Amino acid sequence: QVQLVESGGGLVQAGGSLRLSCAASGRTFSRLAMGWFRQAPGKERVFVAAINWSDGATRYGDSVKGRFTASRDNGKNTVYLQMNSLKPEDTALYYCAADSTFWKVASGRGDYWGQGTQVTVSS
């Protein structure tokens, strides 16, 4: 089992920045692919970013490319999502996901999910 706890959400003005964190416990973090998803009210959950465990390779959703950066610190069992140039349409509940397989995380089929952290971007 893996437990994931997100933090770092909040209210920010458009153009601002936030850094989300996701702390993992319960399994060897360095062997987990990690991902971020978001879900706005009344909408489906969408892929934001994923980072592999073996080589640190990353993948991003089209709407966040060039603005968001995923990174990980295996020593702290934590994955981060640096969000810059935030827009009102980035407003959503952001979830952290994990799995031993990168493609499962990137496709939203990861076995483990956090409870989410709210990000609200005001115009």
Seminar exercise, completed: Selection from segment 78-87 of residues outside any strand (DSSP E or B) and surrounded by fewer than 19 Cβ atoms within 10 Å (Cβ to Cβ) yields 84, 85, 87
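Look through segment 54-70, keep the residues that are small (Gly, Ala, Ser) and open to solvent by less than 60 Å² (accessible area, probe 1.4 Å), and return whichever of them is farthest from residue 26 (Cα to Cα).
Filtering segment 54-70 for residues that are small (Gly, Ala, Ser) and open to solvent by less than 60 Å² (accessible area, probe 1.4 Å), the one farthest from residue 26 (Cα to Cα) comes out as 61.
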Seminar exercise, completed: Considering residues that are modelled with pLDDT of 95 or more and either more than 14 Å from the chain's Cα centre (by Cα) or of a type in the set (Val, Ile, Thr) (or both), the number found within segment 4-39 is 9
Exercise. For segment 1-29, which residues satisfy the criterion of being among the hydrophobic types (A, V, I, L, M, F, W, C) and either assigned to a strand (DSSP E or B) or surrounded by fewer than 15 Cβ atoms within 10 Å (Cβ to Cβ) (or both)?
Worked result: 4, 5, 11, 12, 14, 18, 20, 22, 23, 24
Seminar exercise, completed: The one condition residue 100 fails out of (1) more than 18 Å from residue 54 (Cα to Cα); (2) among the hydroxyl-bearing types (Ser, Thr, Tyr); (3) modelled with pLDDT under 95 is (1)
Exercise. Would you call residue 72 at pLDDT 95 or above and assigned to a strand (DSSP E or B)?
Worked result: no
For this session: Spot the failing condition for residue 105; the list is (1) in contact with a strand residue (DSSP E or B) (Cβ under 7 Å, 6 or more places away or on another chain); (2) surrounded by fewer than 22 Cβ atoms within 10 Å (Cβ to Cβ); (3) more than 24 Å from residue 10 (Cα to Cα); (4) in contact (Cβ under 8 Å) with a residue 24 or more places away in the chain, and only one is missed.
Result: (2)
Exercise. Only one of (1) open to solvent by 30 Å² or more (accessible area, probe 1.4 Å); (2) touching a strand residue (DSSP E or B) at 6+ places or on another chain (Cβ under 7 Å) is not met by residue 51, so which one is it?
Worked result: (1)
Exercise. In the set 90, 73, which member is surrounded by fewer than 13 Cβ atoms within 10 Å (Cβ to Cβ) and either over 13 Å from residue 32 (Cα atoms) or of a type in the set (Asp, Glu) (or both)?
Worked result: 73
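The values are calculated or read from the model by the stated rules, or taken from the named source; none is laboratory data. All of these numbers come straight from a predicted model, not from anything done at the bench. Note that each Cβ is placed from the backbone with ideal geometry, even for glycine, and that neighbours are counted across all protein chains shown. Side chains included, ligands, DNA and RNA excluded: accessible areas come from the protein's heavy atoms. Shrake-Rupley method; radii C 1.70, N 1.55, O 1.52, S 1.80 Å.
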